[in-house]
Amino acid sequence: MGILIVILVVFLVYLLGKPQYIAAERNTNDYTVYSNMYTLKAAVEDYAACNTGAFPISASQIQEYLSELGEKIVNPFSKEEIRFPNIVISPEGDTTIMGGDVVIFTYEFRDEQKETHENSRNSKVRGKPGGLAYGYYIPPGDSVARAYGIIGFDGDGKPLADRNPAGVIELRVLVNS
């Protein structure tokens with residue numbers, strides 16, 4: 001009878017503690033992704049500092065400056081280093097973007113990267129859990145990127161977001177100042 005009580009107590013502790021453990025793990029992963037967003041931002045800003053204020057428009061440009069910083073970005077869900085997409089050009093000239101944990105996209109409008117509401121362009125981007133997205137904006141008539149936004153993805157592959165004190169959901173987006 002005593003052993004049955006011990007088993008029931010252990011089971012009860014497990015049932016009560018599991019939701020808190022899951023919530024703590026989710027928060028830890030989200031904050032790790034947020035930290036990874038800042039590491040990516042450092043590489044992008046380093047690129048801009050070396051290229052007269054122009055921001056990168058390809059994965060290879062970002063990777064080069066990330067490696068110069070000596071930083072590695074680790075996906076908290078897979079525990080593996082984040083992979084950038086590979087661009088493969090066939091002999092026929094077809095371009096294919098292969099895999100990776102980082103989504104690279106373009107913004108269509110000025111200041112679109114700053115939007116943090118749930119119906120913005122940023123809210124519609126999806127990626128691998130723990131992955132990142134980098135979007136850039138090239139103004140009409142220009143040939144270089146002048147603005148960017150960085151998004152991180154939660155465990156469901158959706159952009160990281162928080163509920164503000166008014167109850168409105170706001171995305172966590174890092175942009176150039």
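The values are calculated or read from the model by the stated rules, or taken from the named source; none is laboratory data. On a predicted model such as this, the values are computed, not experimentally measured, just so you know. Neighbour counts run over all protein chains shown; Cβ positions are idealised from the backbone, glycine included. In case anyone asks, the SASA skips ligands and DNA or RNA and just uses the protein heavy atoms, side chains included. Shrake-Rupley method; radii C 1.70, N 1.55, O 1.52, S 1.80 Å.
Would you compute, from DSSP H runs of 4+ residues alone, the mean residue ellipticity of the chain at 222 nm, taking -39500 (n - 2.57) per run and dividing by the full residue count, rounded to the nearest 500?
-12500 deg cm²/dmol
Within the accessible surface of the chain, defined with a 1.4 Å probe on protein heavy atoms only, the carbon and sulfur portion equals 56 percent. Each residue was assigned an accessible area with a 1.4 Å probe, and for E118 the value is about 110 Å².
Among residues other than F77 with Cβ under 11 Å from its Cβ, the summed charge is -3 (Lys and Arg +1, Asp and Glu -1). With the simple model of a label 7 Å out from the Cα in the direction of the Cβ, E81 to L8 spans 5.4 nm. Taking a ≥ b ≥ c as the square roots of the eigenvalues of the alpha-carbon gyration tensor, the range 1-82 is classed prolate because a/c is 1.5 or more and a/b outweighs b/c. Taking every protein chain into account, the accessible area of the range 1-72 amounts to 67 square angstrom per residue (probe 1.4 Å).
Taking all protein chains together, F11, F55 sort by accessible area into F11, F55, largest first [probe 1.4 Å]. Applying the criteria of a DSSP loop state and at most 14 other Cβ atoms within 10 Å to the chymotrypsin sites (Phe, Trp or Tyr not before Pro) of the range 92-169 yields F109. Under the rule a/c < 1.5 gives rounded, and otherwise a/b versus b/c splits prolate from oblate, where does the range 22-65 land using the Cα gyration tensor? It is prolate, given that a/c is not under 1.5 and a/b is the larger ratio.
Can you figure out the FRET efficiency of E45 with K18, using R₀ = 35 Å and their beta-carbon distance, to the nearest 0.05? After rounding to 0.05, the efficiency reads 0.30.
Between the Cα long axis of helix 59-69 and the first principal axis of the chain there is an angle of about 70°, rounded to the nearest 10. Dividing the radius of gyration of the alpha carbons in the range 97-177 by their Kirkwood radius gives 0.99 for Rg/Rh.
Ligands, DNA and RNA excluded, the heavy atoms of D162 present near 70 Å² of accessible surface to a 1.4 Å solvent probe. Taking 8 Å as the Cα distance limit and 6 or more residues as the minimum spacing, I'd like the relative contact order of the range 57-177 as a percentage. Dividing the mean separation by the residue count of the range 57-177 yields 20 percent.
Using only Cα atoms, figure out Rg for the chain and give it as a multiple of 2.2 N^0.38 Å.
Values: Rg = 20.3 Å, N = 177, 2.2 N^0.38 = 15.7 Å.
Ratio of Cα Rg to 2.2 N^0.38 Å: 1.29.
Could you sort out which of K41/K79; K79/K114; K72/K124; K41/K158; K18/K41 sit more than 24 Å apart by Cα distance in this structure?
Over 24 Å apart, Cα to Cα: K79/K114; K72/K124; K18/K41.
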